[in-house]
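Report on one structure; see the data block that follows.
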Amino acid sequence: MPLPAWNDPALKGGTMVRGALWLVQEIREGNTFTKEQIRVAFPRIAQADRRIRDLREFGWVIHPSTEDGSLAAEQLRFVKAGVPVWDPVARGAAKRKKLSAKEVREAMERDDFMCTVCGITGAEPYADDIDETAVLLVSRREVTLPGGDRETLPVTECKRCRAGGDGSPVDTARLIEEIGGLGEADRERLLRWVGQGKRDTVALERAWSAYRRLPAQARADVQRALEG
């Protein structure tokens, strides 16, 4: 069945639905776009870019420049499409999967109110930007168990790590295999992270993270400083 055209006046759907179709039909997975392109495509629609960002709640992966070091400040990358929100049945099913307040609270309590990716706690400032504090969210994460069965589990993530994820299922067997290939020092470091419930960061990693979040001109200044 062909997709409806994103700019069809007869299309019944809000800006998020039209934005999803626009991404699929005009931008295509793996390519970049800008907020200016959004404004041109959806003139006279306030916060059209925000409606497109809302697609992340339906499994769409869209990276800003703060999460993709190859992008300029005004660019975004359409990484992967998610739930076909133009289909009312699929969109409704996705909404029904939304976690309840109780499920969110239980997940955060289980994860000690820390991001399971970087270990930061809610309202804690990031090491590479003390003016930005972490906001914790609970997402559904699909996990492939060693026996091959799949299970969807709620996990706590900070907003930054959630935006940087690719949405791919976690394969437990593959993870264990990769851990087996680590050297002794890396295995000890990983075990320490597991024991303390968060990973350590070094100054070099913090500097790289901060650099990735700079606009293009500022990155050029940093590069010149490094080249000395």
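The values are calculated or read from the model by the stated rules, or taken from the named source; none is laboratory data. All of these numbers come straight from a predicted model, not from anything done at the bench. Virtual Cβ from ideal backbone geometry, glycine too; neighbours counted across all protein chains shown. To get the accessible areas, we keep the full protein, side chains included, count just its heavy atoms, and leave off ligands, DNA and RNA. Shrake-Rupley method; radii C 1.70, N 1.55, O 1.52, S 1.80 Å.
Computed quantities for the displayed model
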quantity: Counted residues, the stretch 127-140 - those being farther than 23 Å from residue 52 by Cβ and surrounded by 13 or more Cβ atoms within 10 Å (Cβ to Cβ); calculated: 6
quantity: Extreme residue, most open to solvent (accessible area, probe 1.4 Å), among residues of the stretch 116-126 that are within 18 Å of the chain's Cα centre (by Cα) and of a type in the set (A, V, I, L, M, F, W, C); calculated: 117
quantity: Extreme residue, modelled with the highest pLDDT, among residues of the stretch 144-153 that are part of a strand (DSSP E or B) and open to solvent by 30 Å² or more (accessible area, probe 1.4 Å); calculated: 153
quantity: Selection within the stretch 78-110 - among the charged types (D, E, K, R) and in contact with a Pro (Cβ under 9 Å, 6 or more places away or on another chain); calculated: 91, 103, 106, 110
quantity: Residue count, the stretch 1-22 (criterion: in contact with a helix residue (DSSP H, G or I) (Cβ under 7 Å, 6 or more places away or on another chain) and either charged (D, E, K, R) or open to solvent by less than 40 Å² (accessible area, probe 1.4 Å) (or both)); calculated: 7
quantity: Considering residues of the stretch 75-90 that are within 11 Å of residue 59 (Cβ to Cβ) and not in a strand (DSSP E or B) only, the residue least open to solvent (accessible area, probe 1.4 Å); calculated: 85
quantity: Search result, residues across the stretch 27-38 that are under 19 Å from residue 59 (Cα atoms) and either open to solvent by 80 Å² or more (accessible area, probe 1.4 Å) or part of a helix (DSSP H, G or I) (or both); calculated: 27, 28, 29
quantity: Which numbered condition residue 93 fails, given (1) under 26 Å from residue 16 (Cβ atoms); (2) touching a residue at least 40 places away in the same chain (Cβ under 8 Å); calculated: (2)
quantity: Single residue of 113, 42 found to be in contact (Cβ under 8 Å) with a residue 12 or more places away in the chain, buried (at least 17 other Cβ atoms within 10 Å of the Cβ) and either of a type outside the set (Phe, Trp, Tyr) or out of contact with any Asp or Glu (no Cβ under 6 Å at 6 or more places or on another chain) (or both); calculated: 42
quantity: From the options 49, 68, residue that is touching a Lys or Arg at 6+ places or on another chain (Cβ under 7 Å), of a type outside the set (S, T, N, Q), open to solvent by 20 Å² or more (accessible area, probe 1.4 Å) and not in a loop (DSSP other than H, G, I, E, B); calculated: 49
quantity: Test: residue 48 is within 21 Å of the chain's Cα centre (by Cα) and free of Cβ contacts under 8 Å to residues at least 40 places away in the same chain; calculated: yes
quantity: Residue match in the stretch 36-47 (condition: aliphatic (A, V, I, L, M) and closer than 30 Å to residue 128 by Cβ); calculated: yes
quantity: Number of positions in the stretch 25-34 that are under 20 Å from the mean Cα position of the chain (by Cα) and farther than 21 Å from residue 47 by Cβ; calculated: 4
